[in-house]
Each structure stands twice: as C-alpha cells, then as structure tokens.
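Q: Quick one: the structure is below, and I'll ask about it shortly.
The values are calculated or read from the model by the stated rules, or taken from the named source; none is laboratory data. On a predicted model such as this, the values are computed, not experimentally measured, just so you know. Counting neighbours? That spans all protein chains shown, and the Cβs are built from the backbone with ideal geometry, glycine included. Accessible surface areas use protein heavy atoms only, side chains included; no ligands, DNA or RNA. Shrake-Rupley method; radii C 1.70, N 1.55, O 1.52, S 1.80 Å.
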Amino acid sequence: MHRQPPYSVFVRGAEAGELPVAGKYGLGVLTWSPLNSGRLTGRFRRGEPVELTAFRKAVAWKFDLSLPGNQRKLDAVEQLRAVAEEAGVSLTHLALAFAASHRAVTSVILGPGTAGHLDDQLAAADVRIDDDILERVDEIVPPCTNLNPPYTDYTSPALADAGQRRRAACLTESGPLRAVLPDGDSRPGETIATHKS
C-alpha cells in the first residue's frame, strides 16, 4: 500500500507528483495533516507564545517561531485569515475545504485533539470554496510548493532510501546479475542483466 501524502495549504508538494498520477489513473487519495499540526487553525500567531505539549516537544523545531520557515507560516496565516473572512468561513474550514477541493483527493484525514475540534472539523465537510478564493490561496502559497521545505511531516523510506526504491543486484557464480530479495535470497533463474568483463 502506498503511503498517502500530507497535503495542506502549507504543504503542496503532492501537487507535483502523487496527486496528478492518482488523478490520471483514477486512484483514491487520502491526504493527511490538512491543518499543518494546527498552524492552519490560526492558533499560532506572531508575538504569542506556543505551549509545548508532549507532541510539540517531540517536534519542537516545527513550533520554534524564530525559524525563517515558521516565520513565513505566521505571515501566511495572517493573509489566509483575511481570505477566509472574505469567504465567510473560519480559517480551519478554509484549510480543510482547500485540501478536499483537489480533484484527485478522495478524502482528508482529520486529527482533532478534542470533541469540540471534531465537531468543528466535521462541519467543514459542507464548505465549498470557489475558484476566486482558491486563486487567492495560490497567490499566498504557490501550487506545488512546501512553504517550509523541511516541514513535509513525512518522507517515505521509499523516497529517502535508494535501497527501498530498487533491488540490489549481485553476481552469481555463473556470472549473471540476479534480483536480490530483502532477506538476501536471490531469485534463481530471474536474470536482469549479464555481467560483461
């Protein structure tokens, strides 16, 4: 099973890869982290301290408001709040509607911290934002970009480790290269290349 991508106004890298492929082949996509660890609720504002919960302590760099990438998010939140107000919705609903609006996205995985958050997030299911609002969002965070590149929430081992993307090859006593399985065993008779001296 393919790991589904994070996707939010702040993390749009999936628009350059997974989402177009899924759309082309009619594959379902369940995206996650649509509120970017709470950033897109408007909870974190410039000049206001961040309470470091156990989760936030584990990924403290994501909440260090002195870092340039996190400063960009603070600026973007203020601009997005104005867009949400113009659209007549909360910033949370704008962010969830944005994630659900991509034609390749089947559904958005929520991560509410309280029952109240859940009720609020479920209410966003009926929110639709028009193209004018989506274009305003695109002006703030351009398509296919991650506002803070190191903050993609997850890098699949299949992308980070070349060993996960391709089978290792080995020479057998008879000379040809054969596929090597993860347990180190080779597939007898499945030649993928011939060794040339």
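Q: Closer than 22 Å to Glu135 by Cα and touching a helix residue (DSSP H, G or I) at 6+ places or on another chain (Cβ under 6 Å): which single residue out of Arg56, Arg46, Arg12, Arg81 fits that description?
A: Answer to the selection: Arg81.
Q: Name every residue in the range 37-66 that is open to solvent by 80 Å² or more (accessible area, probe 1.4 Å), among the small types (Gly, Ala, Ser) and within 17 Å of Gly111 (Cβ to Cβ), in order of residue number.
A: Matches in the range 37-66: Ala54, Ala58.
Q: Further, regarding this structure: Has the range 48-56 got at least one residue that is of a type in the set (Gly, Ala, Ser) and over 19 Å from His117 (Cβ atoms)? Before the answer, list the steps.
A: Step one: list which residues in the range 48-56 are of a type in the set (Gly, Ala, Ser), which gives 54.
Next, from what is left, pick out any that are over 19 Å from His117 (Cβ atoms): none.
There is no residue in the range 48-56 that is of a type in the set (Gly, Ala, Ser) and over 19 Å from His117 (Cβ atoms).
Q: Tell me, which helices (runs of 4 or more DSSP H) lie completely within the range 62-126 with 2 or more residues that are aliphatic (A, V, I, L, M) and within 17 Å of Pro142 (Cα to Cα)? So that I can check it myself, show each step before the final result.
A: Working: elements: 68-87, 91-101, 115-123.
In the range 62-126, the matching helices (runs of 4 or more DSSP H) lie at 68-87, 91-101.
Q: Further question on the same structure: Starting from residues that are more than 16 Å from Ala95 (Cα to Cα) and either assigned to a loop (DSSP other than H, G, I, E, B) or among the aromatic types (Phe, Trp, Tyr) (or both), keep the ones in the range 6-36 and report whichever is most open to solvent (accessible area, probe 1.4 Å).
A: Tyr25
Q: Let me ask something else about it. Give me the residue from the range 67-98 that is of a type in the set (S, T, N, Q) and in contact with a Leu (Cβ under 8 Å, 6 or more places away or on another chain) and, out of that set, surrounded by the fewest Cβ atoms within 10 Å (Cβ to Cβ). Working first, answer last.
A: So the first thing to find is which residues in the range 67-98 are of a type in the set (S, T, N, Q), and the list is 70-71, 79, 90, 92.
Next, from what is left, pick out any that are in contact with a Leu (Cβ under 8 Å, 6 or more places away or on another chain): 71, 92.
Details: Gln71: 14, Thr92: 22.
So the residue we want is Gln71.
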